[in-house]
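K.L.:
Please see the structure below; I have some questions.
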Amino acid sequence: PTTAAMSRKTIFEATTQVKHVNEALPLRCAITNANFSGGHVDYDLRLFRGFTDDDSWAVTRRYSEFEKLNTVLTAQCGCNLPLPPKKAFGNTSREFVAERQRGLQEFIRTVLSDPILRHAPEVKGFFDPHFQQDFAGEARASVAMFLRSMPTWETVEELGSIGWRINKHRYVMRNVEDDPKDSRIKKLLCTVPLPPTKVPQDLMSSTIKYLAGLVHPFIQPAVLGCLHASEGGLVVTIREMSALGSLRDVINRQKPTAPFIKKGFSRKPKGLPVSKVQLYGRQILEAVSYLNDKSIPVGNLHAGNVLVMRDDLCQITDIETGVAALPSFCRQFIVQLRKIQSKRAEDCYCFATILHEMSLGYFPRSATLESVPPSAPGAMLLEKLLTVEGVKQLPSLQELLADPFFATAPIGTMSKPSFKASARVKEFLQAAYAASEKKLVKEVKQYDQKKRAHQQARDKAAKEKEREKVRSGLKTKRVVVKREKPKVEANIPTKSADPPTPAPAAAAPAPAAPPAAAAAPPPAAPAPPPAPAAAPPAPAAAPPPSSSSEPGRGALLSSIQGFGKGGLKKAVTNDRSGPTL
């Protein structure tokens, strides 16, 4: 079906054809082949999403496309990526293509393993054709249809990709009935499509409306929250804008409208002052603890979902994403930790990444830390929360609130929070919380099984390689022995092929000679004859003389005795008649 047809299909139908992609799942990519075509080289890429090989597809890319992607990423984040250098001549030889393929594989590994870079729209479109469709155009059409029922609201500006979800869109809105002098006149409208679900449409819509009315000093309220079902289940919220932006914007000193990956990289990362880390951390913990007590799944907690409303106040936002079963930004790390088996532990780990970002100035690049700088604010807490040993036994949110680092933060007198909902909605929230927890445990288990399978495959390949190496060594040793044996035998006839000396002739009794040879008296001490010029050299591998060749030896001695120099032609020769020892 076409994109427009897919967007019109409601996700609440059992046979929906809408393809929902979990953007939080990790991507794996391998270059399987390099094909020479028309003077250039096409690289075949095989990609896998998630922890199994079920969701897989193939794409073909050229080096020039890798180069364009590298240019875009470098311009936005300012980091140097390991892209192989360009070569004008000889770039189609097999040796060079094989070397470049290894370099491109390292480039892919670097991009997809980085938690910020992998969420860039250009990266998603490069590796996954599904993300090449016009999400922004579909969102505009949906918002235009939604605003037909909201005549008092008008669009002021469309914001770009300021978040990590490629299908979440944001618009600056204003209500024409508001006072133009009011500084809070500008509002932020967000739209995000729901994943496929069996939840009744009216129940989901009621839940989102009740969540919009939740009152808490550290949770941002929504002016409007609803489900626009005519476009396949679209969550629409309108909230107050923050001039300072998100907590990530403040940490990285970026404008709220800056691209997402630009917010995740800083040339000189610098954390917040200790007092701000304590204050904001205490406020976030209070909000998340309240949501857990009300069985409202949070899940998607990160510095981009915490808005800094004032210098002394921050509020978490987008609390409806957990109910809508939207993937969490930190899920890419959480699934790697077997000890995280509950939603409370998940929220505790998500808070730990925020604490890391506030203290050190950047989002952690791995699920766990090897060490924490002692000078970082809250260094002891980071040791308990993000090190390899710390994540095995995470503290509860209440224990973190009781820690002296946060307990002494001056948050003032809190207004009493409230959340009113129908019995049906409360029951649904509890079911959604349990389902979210069950899904978390399932994904952690799948990742662990996949990791074990890969480790077993690597161990098996390593053992097979070692066996092959041993077999190859034994085979080489046998070949060397077989080749050395003839060399030893070849050295024997070399000595026996030397011209005979008088000592061996006198020591060995000569056999009976023929009558003609016996008439000639043997010389007392015959000198060895000079080698004839035209005589061929004796073969090196001649077999040693046997006892059956003794008569021939006597004939040779007789011919030597009757040899005369007068029959030889005069010639200049190189005398080599001396015996070879």
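K.L.:
Report ³J(HN,Hα) in whole Hz for each residue of the range 127-134, in order, from the Karplus equation J = 6.51 cos²θ - 1.76 cosθ + 1.60 where θ = phi - 60°; Gly and Pro get x.
P.N.:
In residue order, the calculated couplings are 9, 10, x, 4, 8, 8, 6, 7 Hz.
K.L.:
Follow-up. With a 1.4 Å probe and all protein chains left in place, how much accessible area per residue does the range 343-398 have, in Å²?
P.N.:
Normalised by residue count, the accessible surface of the range 343-398 is 40 Å².
K.L.:
Provide the FRET efficiency to the nearest 0.05 for the residue 71-residue 185 pair, computing r from the beta carbons and using R0 = 51 Å.
P.N.:
Between residue 71 and residue 185 the formula returns 0.80.
K.L.:
Multiplying the sequence separation of residue 435 and residue 399 by 0.36 nm and subtracting their Cα-Cα distance, what value in nm do you get?
P.N.:
Taking 0.36 nm per residue and subtracting the Cα distance, the gain is 10.4 nm.
K.L.:
Additional query: Cβ neighbours within 10 Å, averaged per peptide: list 350-357, 102-109, 117-124, 245-252 in order, most packed at the top.
P.N.:
Ranking the peptides 350-357, 102-109, 117-124, 245-252 by packing returns 350-357, 245-252, 117-124, 102-109.
K.L.:
Please give the Cα centre distance for the range 378-398 versus the range 220-294, rounded to the nearest Å.
P.N.:
Computed from Cα coordinates, the inter-centre distance equals 23 Å.
K.L.:
Another question, if that's okay. What is the Cα coordinate range of the range 360-463 on the first, second and third principal axes, sorted by size from largest, in whole angstrom?
P.N.:
So the three principal-axis extents are 64, 47, 23 Å.
K.L.:
Can you tell me the accessible area per residue over the range 97-149, all protein chains present, probe 1.4 angstrom, in square angstrom?
P.N.:
Per residue, the range 97-149 has 41 Å² of solvent-accessible surface.
K.L.:
Next up: Counting only protein heavy atoms, what percent of the accessible surface of the range 151-308 is carbon or sulfur at a 1.4 Å probe?
P.N.:
51 percent
K.L.:
Here is a follow-up. List the pairs from 255/439; 343/384; 255/416 whose alpha-carbon separation is above 26 Å, in the order I gave them.
P.N.:
Listed pairs above 26 Å: 255/439; 255/416.
K.L.:
According to a simple spin-label model (label point 7 Å from Cα along Cα-to-Cβ), what is the distance in nm between residue 446 and residue 94?
P.N.:
So the two model labels end up 4.1 nm from each other.
K.L.:
Looking at the range 147-248, which GluC sites (Glu not before Pro) are DSSP coil and have at most 16 other C-beta atoms within 10 Å of their C-beta?
P.N.:
Passing both the DSSP loop test and the Cβ count: 177.
K.L.:
What GluC sites (Glu not before Pro) in the range 367-427 are in a loop by DSSP, with at most 13 other Cβ atoms within 10 Å of the Cβ?
P.N.:
The qualifying sites are 370, 389.
K.L.:
How much net charge surrounds residue 326 when only other residues with a Cβ under 10 Å from its Cβ are counted (Lys, Arg +1; Asp, Glu -1)?
P.N.:
Residues near residue 326 contribute -1 overall.
K.L.:
Something else: Using alpha-carbon pairs under 8 Å, 6+ residues apart, how would you state the relative contact order of the range 338-461 in percent?
P.N.:
After rounding, I find 31 percent.
K.L.:
Here is a further query. At what distance in nm do the modelled label points of residue 21 and residue 310 sit from each other, each positioned 7 Å from its Cα along Cα→Cβ?
P.N.:
For the pair residue 21/residue 310, the computed spacing is 4.3 nm.
K.L.:
Summing Lys, Arg as +1 and Asp, Glu as -1, what charge do residues with Cβ under 12 Å from the Cβ of residue 386 carry, residue 386 excluded?
P.N.:
-1
K.L.:
Select from the range 310-363 those trypsin sites (Lys or Arg not before Pro) which occupy a DSSP coil region and have at most 15 other Cβ atoms within 10 Å, ordered by residue number.
P.N.:
338, 339
K.L.:
Right, next: Taking residue 442 as the anchor, which aspartates and glutamates have their alpha carbon closer than 15 Å to its alpha carbon, excluding any fewer than eight residues away along the same chain?
P.N.:
Answer for residue 442, where 15 Å is the Cα cut-off: 346, listed by chain and number.
K.L.:
Further question: Modelling each spin label as a point 7 Å along the Cα-to-Cβ direction, I'd like the residue 53/residue 463 distance in nm, to one decimal.
P.N.:
Between residue 53 and residue 463, the simple spin-label model gives 2.0 nm.
K.L.:
Follow-up question, since we're still on this one. Which residues does the label zone of residue 253 cover in the range 349-391, counting backbone N under 14 Å from a point 7 Å along Cα→Cβ?
P.N.:
Only 361-362 fall inside the zone, counting backbone N under 14 Å.
K.L.:
Could I ask something else about it? Can you run phi through the Karplus equation (6.51, -1.76, 1.60; θ = phi - 60°) for the range 243-252 and list ³J(HN,Hα) in whole Hz, with x for Gly and Pro?
P.N.:
Rounded to whole hertz, the list is 5, 7, x, 7, 4, 5, 4, 5, 5, 8.
K.L.:
Related question: Taking amide H positions as placed in the peptide plane 1.01 Å from N, state which residues far from residue 41 in sequence (5 or more) or on other chains have amide H under 5 Å from it.
P.N.:
Residues meeting the amide H criterion: 63.
K.L.:
Give the calculated FRET efficiency between residue 244 and residue 383 to the nearest 0.05, with a Förster radius of 45 Å applied to their Cβ-Cβ distance.
P.N.:
0.90
K.L.:
To check my understanding: the extent here is largest minus smallest coordinate of the Cα atoms along each principal axis. What are those three numbers for the range 324-378, in Å, largest first?
P.N.:
38, 22, 18
K.L.:
Taking amide hydrogens as modeled 1.01 Å from N in the peptide plane, which residues meet the under 5 Å criterion relative to residue 159, leaving out close sequence neighbours?
P.N.:
170, 171, 172
K.L.:
Once you have a ≥ b ≥ c as the square roots of the Cα gyration tensor eigenvalues for the range 295-420, tell me rounded if a/c is under 1.5, and otherwise prolate or oblate according to whether a/b is larger than b/c.
P.N.:
Cα axes put the range 295-420 in the oblate bin.
The values are calculated or read from the model by the stated rules, or taken from the named source; none is laboratory data. Because the structure is predicted, anything quoted here is derived from the model rather than measured. Cβ: placed from backbone, ideal geometry, glycine included. Neighbour counts: every protein chain shown. When the accessible area is computed, the model is the full protein with side chains, heavy atoms only, and any ligands, DNA or RNA have been set aside. Shrake-Rupley method; radii C 1.70, N 1.55, O 1.52, S 1.80 Å.
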